[in-house]
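Here the structure is laid out as structure tokens; the discussion comes afterwards.
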Amino acid sequence: MSDPLASARALLHSVFGFSAFRPGQEEIVRAVLDGEDVLTVMPTGSGKSLCYQLPAIARPGLTLVISPLIALMRDQVRALTAAGVVAGSLNSSNEPAENARVLSLLRSEELKLLYVAPERLSRPDMVETLADSNVTMMAIDEAHCVSQWGHDFRPEYLTLGNLARQIGGRLQTMALTATADGPTRGDIVDKLFAAPPRTFVRSFDRPNLRLAFTPKDRSSKQVLSFVREHAGDSGIVYCSSRRKVEELAETLKKEGVNALPYHAGLDKTVRDRNQDRFQQEDGVVMTATVAFGMGIDKPDVRFVCHADLPGNVEAYYQEIGRAGRDGLPADTLTLYGMGDMQLRRMQIEQGDSSDDRKRIERQRLNALLALAEAPRCRRQTLLAYFGEASATCGNCDLCMEGIERYDATVEAQKAMSAIVRTGERFGLEHLIAILTGDGTENVLKFNHDKLPTFGVGKDRKSAEWRSIFRQISAVGLIAQDMMEHGRWWVTDEGWKVLKGESRIELRKALAVAVTKGSRRDRRAAVASAIGSDADGALLDALKGLRSKLAKAQNVPAYVVFSDRTLVELATHRPASPAAMREIHGIGDAKLERYGTAFLDVVRQHKN
Ligand code: ADP
Ligand code: ZN
């Protein structure tokens, strides 16, 4: 008998066109081929799907894949089909003919992978059909959906363990997720497995993502300048409200950006059309609420910008994780302001979750604020939150631009004295008006212009004071009471500083709208990341051909070839099918289908 892992490795090359496993994949594939139950916790974009796809193709029988989103299934099935694998999905949005095709492949035992939504799977006729088929494994994608602690609980997931038993007795089970925290992981093990599975946890680091946070100034200007640095690239701009989504899409469009809006309030046909265009065309910028993205499996998203503060640190990491799934450099920028923070706090306090749940939500939000105001490498701070120790990264704004700190004891004392002298009853803007000596209507009404604190902070702008408040709140000198109109009060720690018993260092205010490399530098960064000096004109011609083929087949461009494949083609300029076969991402099926067309373009570009 041949070594199953060796044949899996051969398929990695001949089906997917990949030259090697990514870190972690090989051990997982081996455990799956050995018949073990497996839980895989790996960050988005690290290549989880391959861990069940490869064993599914390598051995006889059918692998059932449970996925919560139809769009996600559709993409996966499309990509597998393009690679010559017999795969299908059963879901309510399929044409009846498609469902019939899949069922017939299922009956003839030709199907290797079947994607099903959990609610479909729980139908008795479906269970019966599958029990009569040659199902060898159930792979449960987005397994955190089983957990009520997770951010995306789906009750149907709770029945999956039971259904697996109905379909195949002790059916081999694999669960996959990108959500790392302890309570969620515990829930997955309890609810989906009869006995504890082999668990693989990969580092959460995504070194190709550049991390940056900037205080909000004029957010649409800041977003525009960030998007401009990425002209021609696909990207996502997340906003916290539907109205802002539409306004930003308009602003960007007026500035010549190929921007589209996406939020749950749009007509479904518009939403679907916009999502399809984002997936299929090059260089579309989606301005969206967080309703957008869960089902997005586009590997070449080059940037994610948060125009408003994300919901918490997990959500932040998930959302920026939609960039750079292909492993090439991708850029992220998060804008944050005091208003965002207050809003998030209020949403938590006024929500109707249990106290336990609220406590977890508060911690997750605080972790995000600490990241925004981090006094050291952001990646270090982020990974520390996920329980990983790491060195400074060199690829975040703080590593790249450094941070200047100063002794801010006096500033902190001024800010806290404004709080104390007004009886710990007021919100931020009022306190800042007092500090900067601004005689607003309210300041006069309360006689706060008579306080000794009035005007003691005139030497600084309001924006600087906002940053000081944010930072002393992030380090715990002051706290805010959300139940009482957001009034601020001074904590025990704060009193120590106020009384001069301890000192405090803060970061100098960050320059707004961090300037970064030009578009040319960025393209060069993508090329040099894979060690190439691709011919730009040839690359453009290859992209043109890719768009044409993708349009003709009505599939996203990356289903034809990934960016990386094109860059490698433009660098190595293969002259024969055999040479082309050595390029990343080109397996047998794609070589046969596209080889001649792309070889022609390469030949025509002889320099
Ligand atoms: P995840 O499910 O972990 O978010 P995916 O399975 O969608 O990630 O994989 C992300 C990208 O990485 C896909 O474009 C996939 O084709 C690619 N990929 C996966 N494994 C490899 C590999 N061994 N070599 C090169 N690319 C890979
Ligand atoms: Zn760093």
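Residues of the stretch 57-79 that are closer than 25 Å to Ser203 by Cα and touching a strand residue (DSSP E or B) at 6+ places or on another chain (Cβ under 9 Å): Val65, Ile66, Ser67, Leu72, Gln76. Residues that are of a type in the set (Asp, Glu) number at least 2 in the following helices (runs of 4 or more DSSP H) confined to the stretch 352-418: 355-372, 397-401.
Checking the structure you have, find out if any residue of the stretch 138-158 is crowded, with 20+ Cβ neighbours inside 10 Å, at positive phi, in contact (Cβ under 8 Å) with a residue 12 or more places away in the chain and of a type outside the set (Lys, Arg). Within the stretch 138-158 (the criterion being crowded, with 20+ Cβ neighbours inside 10 Å, at positive phi, in contact (Cβ under 8 Å) with a residue 12 or more places away in the chain and of a type outside the set (Lys, Arg)), the answer is yes, since at least one residue qualifies. Of everything in the stretch 48-68 that is in a loop (DSSP other than H, G, I, E, B) and either more than 14 Å from ligand 1 (Cβ to nearest atom) or farther than 22 Å from Val116 by Cβ (or both), the residue that is least open to solvent (accessible area, probe 1.4 Å) is Gly61.
The set of residues in the stretch 394-419 that are surrounded by fewer than 18 Cβ atoms within 10 Å (Cβ to Cβ) and β-branched (Val, Ile, Thr) comprises Ile403, Thr409, Val410. Taking the criterion of being part of a loop (DSSP other than H, G, I, E, B), small (Gly, Ala, Ser) and more than 10 Å from ligand 1 (Cβ to nearest atom), the only residue of the stretch 1-23 that qualifies is Ser2. Met73 falls short on exactly one of the conditions (1) at pLDDT below 90; (2) open to solvent by 10 Å² or more (accessible area, probe 1.4 Å); (3) under 30 Å from Tyr594 (Cβ atoms), and that condition is (2). Scoring Ser108 on the criteria (1) free of Cβ contacts under 8 Å to residues at least 40 places away in the same chain; (2) under 17 Å from Asp37 (Cα atoms) leaves a single failure, condition (2).
The single residue among Arg564, Arg603 that is out of contact with any Phe, Trp or Tyr (no Cβ under 9 Å at 6 or more places or on another chain), at pLDDT 90 or above and open to solvent by 20 Å² or more (accessible area, probe 1.4 Å) turns out to be Arg603.
Yes or no: Glu319 surrounded by 19 or more Cβ atoms within 10 Å (Cβ to Cβ) and either part of a helix (DSSP H, G or I) or within 15 Å of ligand 2 (Cβ to nearest atom) (or both)?
When the stated conditions are applied, Glu319 passes them.
Restricting Leu171, Leu192, Leu176 to residues that are under 23 Å from Ala384 (Cα atoms), in contact with a strand residue (DSSP E or B) (Cβ under 6 Å, 6 or more places away or on another chain), open to solvent by less than 20 Å² (accessible area, probe 1.4 Å) and outside the structural domain of Phe469 (by TED's automatic domain parsing) narrows the list to Leu176. Out of Ala389, Ala374, one residue alone is within 15 Å of ligand 2 (Cβ to nearest atom), open to solvent by 50 Å² or more (accessible area, probe 1.4 Å) and more than 30 Å from Lys450 (Cα to Cα). It is Ala389.
The values are calculated or read from the model by the stated rules, or taken from the named source; none is laboratory data. Bear in mind the structure is a predicted one, so any value in this text is a computation, not a measurement. Neighbour counts are summed over all protein chains in view; Cβ atoms, including those assigned to glycine, are modelled from backbone coordinates with ideal geometry. For the accessible areas, the whole protein counts, side chains as well, though only heavy atoms, and no ligand, DNA or RNA atoms are used. Shrake-Rupley method; radii C 1.70, N 1.55, O 1.52, S 1.80 Å.
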